[in-house]
Number of protein chains: 2
Amino acid sequence: MENRSCSACLIKSKAAESLIDNELELLGQNCVEVAFERGETLFKQDALSSNIIYLQKGLVKIIMQGPQRKQILRLKKAPCYLGVPTTMGDKINHYSAVALEPTTVCFIDLGAFKSLLRLNTEFSYEIIVELCKNELEQFHRCVTLVQNQIFGRLAVNLLYMANTIYHSGEFDLPLSRNELADLICTSRETVSRMLSELDQDGIIEVNGKHIRLIDTKKLEEISKNG
Amino acid sequence: MENRSCSACLIKSKAAESLIDNELELLGQNCVEVAFERGETLFKQDALSSNIIYLQKGLVKIIMQGPQRKQILRLKKAPCYLGVPTTMGDKINHYSAVALEPTTVCFIDLGAFKSLLRLNTEFSYEIIVELCKNELEQFHRCVTLVQNQIFGRLAVNLLYMANTIYHSGEFDLPLSRNELADLICTSRETVSRMLSELDQDGIIEVNGKHIRLIDTKKLEEISKNG
DNA sequence: TGAATTATGTGATGCAAATCACATAATTGA
DNA sequence: TCAATTATGTGATTTGCATCACATAATTCA
C-alpha cells in the first residue's frame, strides 16, 4: 500500500486527465494504491461504502447475491472506475467486486471524490459519460440474459471475452465453470455440456480453461438467435 | 408546445433547483414543454438522440427491442429525467419511451444540457446521483428477473406499483396483459393464469385491470422466494 | 349499430434446462 | 507424496413455462 503522487501517474483515467495541479494533489492525498491477487475481494456487498475505486490494472467480477444464487453482473477490465453507483447511490454496497487476476487499484476517499466532482466540471462530465455508457451496456446485458437461451448467452460472453477483454480469439477463461454459470445464469452442468457441444460442432476448441474460437461467424449467429 | 420561463416552474427537478438565474434562462431558451397521450412515443430506439427529457407529470415505459421480443426495461414515474444514458452514452437511442398515461415532459436541447453540466457542478452532482440510483435499481431488477420464477417477478412488480407508483394497495394496472408480460418477460397466457391463481388464492383481487392487494405479507413472501 | 379488430382466458402438448446422481480429474495442503 | 478437497464431465429424470389452439369478451370505427 503506497501513496504516490497522482500527477506523475501514467495511467490516469480520462476524467483525471482533466484535473489541474492542486486537484491532483487533493486526489493524491486521498488515494492509496493496493494490489490484489486472484480471488481477493475489493469490496463487499452490504458493507459500508466509503471509497471509489479506480481499477488501474487487471480484471474483476462484479457479483450480487440474489434471492436464489449469486450472480456475476459483469466483468470489468482496467482502466475504469468501480463502485461509483454503489458508493454514490447508497450508503451500503449493493454488490461485491472480486479480482480475477492480479489487479492494482486506487482507493479514493469518497469525500475527496465528491470534492473533485464539485471542483471540476470536466471531471464530473467524464464520470457522467462513463456512468451512461455502463448503464446502456447493462441494459443490453439484461436483455440478452433474459431473452436468449443458454447457447446464445454463452456465445455472447465468449465473444465479449475475445473481442473486448483479450483482443484475441484464443485465451484462457478467467472463470471456473461454476463462475461461468454465475455469469450466464445457468447451472455448472449446463455450461459443461454447452462447451463440449460447441467444441464437438467445431465452433470453438476447449482445453480445460483454454478457449480458441474457430468459427466466429457461427458463434456470432448463435449469439444473436440462440 | 410552449416555451415558458423555467425560473417560474414549480416542478423543477432537484438538479434544476441548483441553477442560478442566467442558467435557468439558458435552460428556458432551450427547452419546450410537450404533452403526450397514453400510447404516444416520447423517443424511439435507433433514432438520433438529441434531447434530454425531463418528465414533469405522468408515467412512461422504457422499452428495448431485444433479439427475440420487445422488453419493458422499467417504468418511470414523474418527476425524473429520461434518456440521459441513451443520449449522453451514444448518438443513437438504445431504447424507446412510451407514455402510459397523459404525460407532460420538457424536451431539453442536448447542447444546453451539456452546457449546464459544465456551468454548474451542483447540477452535475445531482445528475450523477440520479444516474447512480438508477443503475442500482436496474441491477436489482435484472437479478430479480433472472433468478425469480414468474410468480416472484409478478409479485415484485405488483408491489412496486402499489408502493412506489400509486402509493395504494388498490389501483388500475397501467398495462395490458401483453405489456405486463413484456415487463416480467413471460407470455401473455402465463400472466393471465398467474393473476387468476393469485386471485383464487385470495392474495390479490383482480377485476380486469383493477387490482386490489389483499394479503400483502404473502405477496412479499412470494416476491422473495418465488 | 354491427362488423372487425384487439384483448383476454383456459386447456393440451412439448421442450429447454434445472436438478439429481455419480464418476473422474485436478488442485491443495499437511 | 498422498489424502482431502474442489472442479469438472455426463447420463437420467423432472418441471416450469412457452407455445399452440381455440373460445369469449371488450373496443374500435365505418
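The values are calculated or read from the model by the stated rules, or taken from the named source; none is laboratory data. Just so you know, these numbers come straight off a predicted model, no measurement behind them. Methodologically, a virtual Cβ is constructed for each residue, glycine included, from the backbone with ideal geometry; neighbour enumeration extends over all protein chains shown. Each accessible area value is taken on the protein alone, full model and side chains, heavy atoms only, with ligands, DNA and RNA left out. Shrake-Rupley method; radii C 1.70, N 1.55, O 1.52, S 1.80 Å.
General remarks:
- The value of relative contact order for chain A, using C-alpha pairs under 8 Å at least six residues apart, is 19 percent.
- Relative to the dominant Cα principal axis of chain B, helix B:121-147 is inclined by about 20°.
- Distances between copies of A:THR216, taken at a point 7 Å out from Cα along the Cα→Cβ vector and listed shortest first: 5.5 nm.
- Rounded FRET efficiency, nearest 0.05, which uses the C-beta distance separating B:ILE11 from B:GLU221 and R0 of 30 Å: 0.20
- Of interest is the spacing of the C-alpha centroids, which for the stretch A:84-109 and the stretch A:133-196 amounts to 22 Å.
- Label points for A:GLU25 are taken 7 Å from Cα along Cα→Cβ. From this copy to the others they lie 3.7 nm apart, shortest first.
- Cα pair distances exceeding 24 angstrom across chain B, given as percent: 48 percent
- Scalar couplings 3J(HN,Hα) for the stretch A:194-202, obtained by applying the Karplus form with A = 6.51, B = -1.76, C = 1.60 to θ = phi - 60°, are 5, 4, 4, 5, 4, 5, 4, 7, x Hz; x denotes Gly and Pro.
- Prolate/oblate/rounded call for the stretch A:14-142, Cα gyration tensor, a/c under 1.5 rounded: prolate
- Selection from A:HIS140, B:TYR54, B:GLY83 lying farthest towards where the dipole of the protein assembly as shown points positive, charges on Cβ: A:HIS140
- Comparing mean-square fluctuations of B:ASP172, B:ASP201, B:ASP109 from a GNM of chain B with C-alpha springs under 10 Å, the top value falls on B:ASP201.
- Using a 1.4 angstrom probe on protein heavy atoms only, the contact between A and B buries about 4400 square angstrom of accessible area, both sides summed.
- Inter-probe distance in nm under a simple model that places probes 7 Å from Cα toward Cβ, at A:SER196 and A:ARG118: 6.0 nm
- Placing dummy labels 7 Å off each Cα toward the beta-carbon, the span from A:LEU110 to B:SER187 is 4.7 nm.
- Cα gyration tensor category, rounded, prolate or oblate, for the stretch B:148-225 with a/c compared to 1.5: rounded
- Taking every residue in A:55-66 and counting other chain Cβ atoms within 10 Å of its Cβ, the average works out to 1.
- Ranked from shortest, the separations from the 7 Å Cα-to-Cβ label point of B:ASN163 to its equivalents in the other copies are 3.8 nm.
- Structure note, pairs A:LYS76/A:LYS133; B:LYS61/B:LYS217; A:LYS12/A:LYS133: Cα-Cα distances above 22 angstrom occur for B:LYS61/B:LYS217.
- Inter-chain neighbour count for A:119-132: the average number of beta-carbon atoms from partner chains within 10 Å of each residue's beta-carbon is 5.
- Residue-normalised accessible area of the stretch B:14-136, expressed per residue, 1.4 Å probe, Å²: 39 Å²
- Shape of the protein assembly as shown, Cα gyration tensor, a/c cut at 1.5: oblate
- Rounded tilt (10° steps) of B:216-225 against the dominant C-alpha axis of chain B: 90 degrees
- 0 to 90° range, to nearest 10: angle between helix B:150-160 axis and chain B longest Cα axis: 50 degrees
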